[in-house]
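Have a look at the structure below, then the notes.
The values are calculated or read from the model by the stated rules, or taken from the named source; none is laboratory data. Please read these numbers as outputs of a predicted model, since none were measured by experiment. A quick note on method: Cβ atoms are made from the backbone with ideal geometry, for glycine too, and the neighbour counts reach across all protein chains shown. Note: accessible area is taken over every heavy atom of the protein model, side chains too, but ligands, DNA and RNA are not part of it. Shrake-Rupley method; radii C 1.70, N 1.55, O 1.52, S 1.80 Å.
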Amino acid sequence: MEQQTDILNEWRESAKYWTKHNATIRTMFAQLTRALIERAGIHEGQSVLDVAGGTGEPSLTIAEVVGPGGSVTCTDAVSEMVETARSEASRRGISNVQFQQCSADSLPFPDNSFDVVVSRLGAMFFLDSHAAMREMLRVAKPGGVLAFAVWHKSELNPFCYVITNVIDQHIAPTEPGPDAPSAFRFAEPGKLANVMRQAGAVDVEESVVKFDIAAPISPLEFWTMRSQTSDTLRQKLTQLSEDEQSQITSEIEQAVQEFFPANQMKFPAQMIIATGKKLN
């Protein structure tokens with residue numbers, strides 16, 4: 001319980017920064033959202049649950065796909081994230097989305113409620129991934145689809161490792177446990193699929209999605225966003241003096257130059273998408 005409280009507090013602190021950079025983050029992962037929708041087979045008229053939907057994606061994009069005859073329920077454990085998602089839906093005039101604050105391992109929905117359950121870059125952070133997977137299967141309809149997008153290995157994603165390489169020169173790195181909530185918890189192929197099978201999912205498959213994390217921002221804007229939205233980075237930076245922080249900013253701006261053609265961000269990325277079904 002104490003660990004869960006600590007994690008939620010970290011995300012609450014991060015929420016204001018995710019809200020601040022919401023438009024950029026939506027653009028960055030738009031290709032991943034499309035791939036997730038495609039792999040999940042989401043189509044018009046379906047009911048979809050988005051678990052750990054953060055500030056509203058992929059929920060709002062999915063809402064456009066399922067249309068007025070379908071519905072999306074966007075959930076997140078952090079109320080500040082849910083409120084940002086609700087505001088964004090209102091701003092964009094999207095009305096077929098409902099919002100609910102709840103954690104993945106305690107979903108307040110009846111059995112057999114949704115055609116599809118998805119989570120984009122959220123499953124890595126579930127405190128108890130097995131309990132969460134059982135809950136998501138419970139609320140899926142018989143034959144319903146579960147689909148999850150997670151980070152592939154760090155060394156395949158310069159969006160992550162370029163920063164890590166610089167920070168590690170200034171602060172001794174700390175490695176999370178293999179099953180601790182962290183970005184690369186399911187980076188090893190087959191690991192998330194095994195959790196799904198153990199929970200009871202059938203027809204489980206994994207595939208690698210390659211795309212560009214791209215947005216019209218500069219290296220400095222990239223670092224500002226990353227250093228604000230990551231609780232881990234914020235904590236590490238507070239250990240350093242202003243001069244050391246300025247030095248890191250300069251080093252990162254230099255290190256990412258190759259990924260900013262025409263001064264706009266374009267990182268090659270690899271993610272894993274795992275899909276499965278609830279037994280009929």
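General remarks:
- Whole-number percent relative contact order across the stretch 164-280, with pairs defined as alpha carbons under 8 Å at least 6 apart: 43 percent
- Length available on full extension from Glu83 to Val202: 0.36 nm per residue minus the Cα-Cα distance, which gives 39.4 nm.
- The stretch 215-260 and the stretch 16-67 have Cα centres spaced 26 Å apart.
- Here the calculated FRET efficiency for Asp231 and Cys102, from their Cβ-Cβ distance with R0 = 25 Å, stands at 0.75, rounded to the nearest 0.05.
- Think of each Lys and Arg Cβ as +1 and each Asp and Glu Cβ as -1; about the Cα centre, that makes the dipole of the stretch 117-188 roughly 420 debye.
- Summed residue charge, Cβ within 12 Å of Asp168's Cβ, Lys/Arg positive, Asp/Glu negative: -1
- Lysine pair number, Cα distance threshold 28 Å (strictly under), the chain, separation 8 or more or different chains: 23
- The stretch between Ala131 and Ser250, if pulled fully straight at 0.36 nm per residue, gains 38.5 nm over its current Cα-Cα span.
- Expressed to the nearest 5 percent, the antiparallel share of DSSP beta bridges inside the chain is 50 percent.
- Taking the Cα centre of the chain as reference, the dipole from Cβ charges on Lys and Arg (+1) and Asp and Glu (-1) amounts to some 820 debye.
- Each listed q (0.06, 0.15 Å⁻¹) maps to a log10 I(q)/I(0) for the chain from the Debye sum over equal C-alpha point scatterers, namely -0.18, -1.16.
- Contact order for the chain, expressed relative to its length and based on alpha carbon pairs under 8 Å spaced 6+ residues apart, stands at 21 percent.
- Accessible area expressed per residue, the chain, with surrounding protein chains retained (probe 1.4 Å, Å²): 46 Å²
- Under the simplified labelling scheme, the Ala262-Glu188 pair shows an inter-label distance of 4.2 nm, with each label point 7 Å from Cα along Cα→Cβ.
- Whole-percent P(r), the stretch 1-135, all Cα pairs, 10 Å bins from 0: 13, 46, 35, 7, 0.
- The alpha carbon convex hull volume per residue for the stretch 194-233 rounds to 131 Å³.
- Rounded to 0.05, the FRET efficiency of the Arg34 and Ile171 pair, given R0 = 35 Å and the Cβ-Cβ distance, is 0.45.
- Note on the chain: dipole from Cβ charges, positive end direction compared against Ser227, Phe186, Ser90; the farthest Cα belongs to Ser90.
- Viscosity 0.890 mPa s, 25 °C: Kirkwood-radius Stokes-Einstein D of the stretch 91-247 over Cα pairs, µm²/s: 135 µm²/s
- The stretch 123-280, accessible surface, carbon-and-sulfur percent (1.4 angstrom probe): 48 percent
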